[in-house]
1. When the chain is treated as a GNM, springs tying every alpha-carbon pair under 10 Å, which of 86, 116, 201 comes out with the largest mean-square fluctuation?
2. For the chain, modelled as a GNM with alpha-carbon contacts under 10 angstrom, which of 105, 196, 19 fluctuates the most?
3. If contacts are Cα pairs under 8 angstrom and at least 6 residues apart, what is the relative contact order of the chain in percent?
4. About its Cα centre, what dipole magnitude does the stretch 94-183 give when the only charges are +1 on Lys and Arg Cβ and -1 on Asp and Glu Cβ, stated in debye to the nearest 20?
5. How large is ³J(HN,Hα) for each residue in the stretch 13-19, as worked out from phi by the Karplus curve 6.51 cos²θ - 1.76 cosθ + 1.60 (θ = phi - 60°), to whole Hz, x for Gly and Pro?
6. Going by C-beta contacts inside 10 Å, put 13, 189 in order with the fewest on the left.
7. If we count other beta carbons within 10 Å of each Cβ, what is the order of 136, 97, 112, fewest first?
8. Write down the Kirkwood hydrodynamic radius of the stretch 94-183, to one decimal in angstroms, obtained as one divided by the mean of 1/r over all alpha carbon pairs.
Amino acid sequence: MNFLALDTSSVACSVAVSKGDEIFSSHKVNAESHSLTLIPTIQETLKIAKIKLNGLDAIILGIGPGSFVGTRIGAAVAQGIAFGVDIEIVTVSSMETVALEAMIKNNLDKITVVQDARMDEVYIGKYGLQGDNIQTLSPIKIYPIEQEIISENNNEITIVGNGSEIYSNHHKNKSIKVLDDNYSLPKACNLIAIGKKLFLDGKSINPDQLIIDYIRNEVASIKKK
């Protein structure tokens, strides 16, 4: 099966193509607008993988939370491609993707993801790993940066995400371990592991059902014109 995975919810323009068991990916962190870089990156990655758009089975999309503008750009492009070649979309939380990579590469069974929501606020979600399956232990919510993360039995809390350093600096009296920045941004190649399972479980959607996980006060949906 062939999948195109996209995540533009952060400063990274992240694209991956899954061709059978092979993954071809591009993860670019830059200041250029995703509106300028996303489509050329998709074209380049598909070319390297030797797959055409009509050879895709589905699109796997990171839906945030994160940059509202960036996330909408990715969603609009995914929706346009899906309509154009008549395929469905699998949505995956971008924070879940960050958690999965961090837990696997650091041999952890639990982690808290802290992403910068700006305006002195952070998105916080807690995750666990059971075998190859990621579990949501506490759903994503937005909190003031002063919000304390409650640990079990006063154990050290391991956190990851682009809001981790900011958060830990506000809670220096707490036992917090911050993982390396290498794991702080969602990567499209990691979307594939989660998205494939969801697709096989029948959890893909029609492109006109796409909803962005914006979290802050309201959820924005993209309607078919």
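1. For the chain, modelled as a Gaussian network with Cα springs under 10 Å, the answer is 201.
2. Highest fluctuation among the options: 105.
3. 23 percent
4. On the way: 8 positive and 14 negative charges, 27 e Å.
Approximately 120 debye in magnitude.
5. Values per residue, Gly and Pro as x: 9, 10, 9, 9, 10, 9, 10 Hz.
6. On the way: 13 27, 189 21.
The order, fewest Cβ neighbours first, is 189, 13.
7. Arranged by neighbour count, lowest to highest, 136, 97, 112 become 136, 112, 97.
8. Result for the stretch 94-183, one decimal place: 12.9 Å.
Each value in this text was obtained by applying a stated rule to the coordinates, not by laboratory testing. Computed from a predicted model, the values in this text were never measured in an experiment. FYI the Cβ positions are ideal-geometry reconstructions off the backbone, even for glycines, and counts take in every protein chain you see.
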